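Novice: Before we start, here is the structure in question, set down as structure tokens.
The values are calculated or read from the model by the stated rules, or taken from the named source; none is laboratory data. Just so it is clear, the structure is predicted and the values come from calculations on it, not from any experiment. Don't worry about glycine lacking a Cβ; one is built from the backbone with ideal geometry, like all the others, and counts go over all protein chains shown. Note: accessible area is taken over every heavy atom of the protein model, side chains too, but ligands, DNA and RNA are not part of it. Shrake-Rupley method; radii C 1.70, N 1.55, O 1.52, S 1.80 Å.
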Amino acid sequence: WINSDGLNSFRDTLQHPQNVSCIGVLPAEMVSSTMQGADVVVIPSRTEGMPNVCLEAMASGLPVVAYAVGGLPEVIQSGINGLLVPPTDIRGLADQMLYLLNNPGIRRKMGQSARAIVEKNFDSQHYGLRLSNFYSNALSACTAL
């Protein structure tokens, strides 16, 4: 775990530290407004399940750059709504971030695709029902054994 001083020290080593914000944990009511000020969301975790920040970013119309770990490849279609790199490829993560930052048209198109994926698959009205049906079917299959 890196504390905020460590993150800020890291940011200060970058070529353009003024372009990077290390914001840490946000209260739920600040997520949407904070996402609106971003161009891209980076998830540099090397182990992950399905982080809420990925879905929140995509719902905000932002492409996500992340390592291809956990549930992220199930949601991020690399080159369509974000970019994935192998979990040991630090240079690749940096290159993909720069690629999106230097290509605003591609970034916007990926962000629009990200939003569409979340609306289709993770909207609050249908996602809960699909999840409930999944667990009901799994329970029925287990009791049938």
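Novice: Scan the range 38-47 for residues that are touching a residue at least 40 places away in the same chain (Cβ under 8 Å) and surrounded by 17 or more Cβ atoms within 10 Å (Cβ to Cβ) and report the count.
Specialist: 2
Novice: A further question on this structure: Given the conditions (1) over 19 Å from GLY111 (Cα atoms); (2) outside any helix (DSSP H, G or I), report the number of the one that LEU83 does not fulfil.
Specialist: Unmet condition: (1).
Novice: Just checking, which of THR88, THR47, THR34 is in a loop (DSSP other than H, G, I, E, B) and either on the phi > 0 side of the Ramachandran plot or under 15 Å from the mean Cα position of the chain (by Cα) (or both)?
Specialist: THR47
Novice: Could you count how many residues in the range 52-103 are under 21 Å from VAL25 (Cβ atoms) and of a type outside the set (A, V, I, L, M)?
Specialist: Residues in the range 52-103 being under 21 Å from VAL25 (Cβ atoms) and of a type outside the set (A, V, I, L, M): 7 in total.
Novice: Quick test for you: out of MET50, MET58, MET30, MET35, pick the one residue that is open to solvent by less than 90 Å² (accessible area, probe 1.4 Å) and touching a residue at least 40 places away in the same chain (Cβ under 8 Å).
Specialist: MET58
Novice: Being on the phi < 0 side of the Ramachandran plot, part of a helix (DSSP H, G or I) and open to solvent by 40 Å² or more (accessible area, probe 1.4 Å): is that true of MET97 here?
Specialist: yes
Novice: Next question. When the range 127-145 is examined, which residues are found to be more than 30 Å from ALA59 (Cβ to Cβ) and either polar (S, T, N, Q) or in contact with a helix residue (DSSP H, G or I) (Cβ under 9 Å, 6 or more places away or on another chain) (or both)?
Specialist: Those that are more than 30 Å from ALA59 (Cβ to Cβ) and either polar (S, T, N, Q) or in contact with a helix residue (DSSP H, G or I) (Cβ under 9 Å, 6 or more places away or on another chain) (or both): SER140, THR143.
Novice: Restricting the first residue to the range 105-132 and requiring it to be farther than 15 Å from GLU74 by Cα, which pairs with a second residue that is part of a helix (DSSP H, G or I) and open to solvent by less than 100 Å² (accessible area, probe 1.4 Å) meet a Cβ separation below 6 Å and a spacing of at least six or different chains?
Specialist: These pairs meet every condition: ARG107/LEU100.
Novice: Continuing with the same structure: Counting only residues that are in contact (Cβ under 8 Å) with a residue 40 or more places away in the chain and either more than 15 Å from THR47 (Cβ to Cβ) or open to solvent by less than 10 Å² (accessible area, probe 1.4 Å) (or both), how many does the range 69-92 have?
Specialist: Counting residues in the range 69-92 that are in contact (Cβ under 8 Å) with a residue 40 or more places away in the chain and either more than 15 Å from THR47 (Cβ to Cβ) or open to solvent by less than 10 Å² (accessible area, probe 1.4 Å) (or both) gives 2.
Novice: Pick from the range 1-27 the residues that are hydrophobic (A, V, I, L, M, F, W, C) and open to solvent by 100 Å² or more (accessible area, probe 1.4 Å): which of them is modelled with the lowest pLDDT?
Specialist: Once the filter is applied, the top-ranked residue is TRP1.
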